[in-house]
Amino acid sequence: MNIAHCRSCGACGLEGGTGVCVIRDDMQDVYPAFSEPHVVVLAAPMFWGYMTSQLKTLFDRLEAIASPKHFGGRDFILLVTYRHYYGSMVEWLGRITSAFGSRLHAMTCQTYDQDADRDVPIANFPGRLHEAFELGRRVGAASGGV
Ligand SMILES: Cc1cc2nc3c(=O)[nH]c(=O)nc-3n(C[C@H](O)[C@H](O)[C@H](O)COP(=O)(O)O)c2cc1C
């Protein structure tokens, strides 16, 4: 996707602003997802102790609609793969979801074998993939899906 950085221009400013981002790019396909009561699924690797820059850019642009109206009462599923550390990412989304009155369901998977000093493909964790599938099914059903 082509998503530009937030310019902090303030045009969207929730109080007295338009609530609409002036940058016209692929974010225009993302905003509508936050108008419907969908479950939001984020799947990302851990990069340098934090989320990827792409995901951070996307969240910066969500500033235009950052309110309980768009984020409240919603389920967020966060799937993180990592080698050594995942803390800040789960902590970050936990803080946001609790502030906006939504729910976080986080799953983490270490895709690095420390003893053998090698990365392990996610396909080698069928149990964790099944767990993720069941989490999606459970949260989807609870939020009115199939
Ligand atoms: C730029 C970069 C930074 C990374 N930083 C971390 C990190 O801080 N902590 C960590 O546990 N893994 C780190 N990793 C490893 C990734 O989390 C690892 O690639 C991921 O678990 C594998 O997911 P993937 O197969 O979807 O790429 C980093 C990888 C890259 C490429």
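We did not get these values from a lab; they are worked out from the coordinates using the rules stated. As the structure is a prediction and not an experimental result, all values here were calculated from the model. Virtual Cβ from ideal backbone geometry, glycine too; neighbours counted across all protein chains shown.
Computed from the Cβ-Cβ distance with R0 of 30 Å, the FRET efficiency linking residue 119 to residue 56 stands at 0.80.
Counted without the sites themselves, the longest stretch of the chain free of chymotrypsin sites (Phe, Trp or Tyr not before Pro) in a DSSP loop having at most 13 other beta carbon atoms within 10 Å is 86-146. Comparing the stretch 86-125 with the 2.2 N^0.38 Å rule of thumb, its C-alpha radius of gyration ratio is 1.59 (two decimals). Each residue of the stretch 134-140 is assigned a 3J(HN,Hα), and the resulting list reads 5, 4, x, 5, 5, 5, x Hz, derived from the Karplus form 6.51 cos²θ - 1.76 cosθ + 1.60 (θ = phi - 60°), x at Gly and Pro. Within the stretch 27-142, what percent of beta bridges assigned by DSSP are antiparallel, to the nearest 5? Rounded to the nearest five, the antiparallel share is 20 percent.
From its DSSP helices (H runs of at least four residues, each -39,500 (n - 2.57)), the chain gives a residue-normalised ellipticity at 222 nm of -9500 deg cm²/dmol. Among the trypsin sites (Lys or Arg not before Pro) found in the stretch 1-79, those both in a DSSP coil and sparsely packed, with 14 or fewer other Cβ atoms within 10 Å of their Cβ, are 7, 24. With the cut-off at 1.5 for a/c, could you classify the stretch 18-57 from its C-alpha gyration tensor as rounded, prolate or oblate? The shape class here is oblate.
Taking amide H as placed 1.01 Å from N in the peptide plane, residue 112 has its amide H under 5 Å from the amide H of 120, each at least 5 places away in sequence or on another chain. Taking θ as phi - 60° and the Karplus parameters 6.51, -1.76 and 1.60, the scalar couplings of the stretch 77-87 work out to 10, 10, 10, 10, 9, 7, 9, 10, 8, 10, x Hz in sequence order, x denoting glycine and proline. I'd like the Kirkwood hydrodynamic radius of the chain, using the inverse of the mean 1/r over distinct C-alpha pairs, in Å. Its Kirkwood hydrodynamic radius stands at 16.8 Å.
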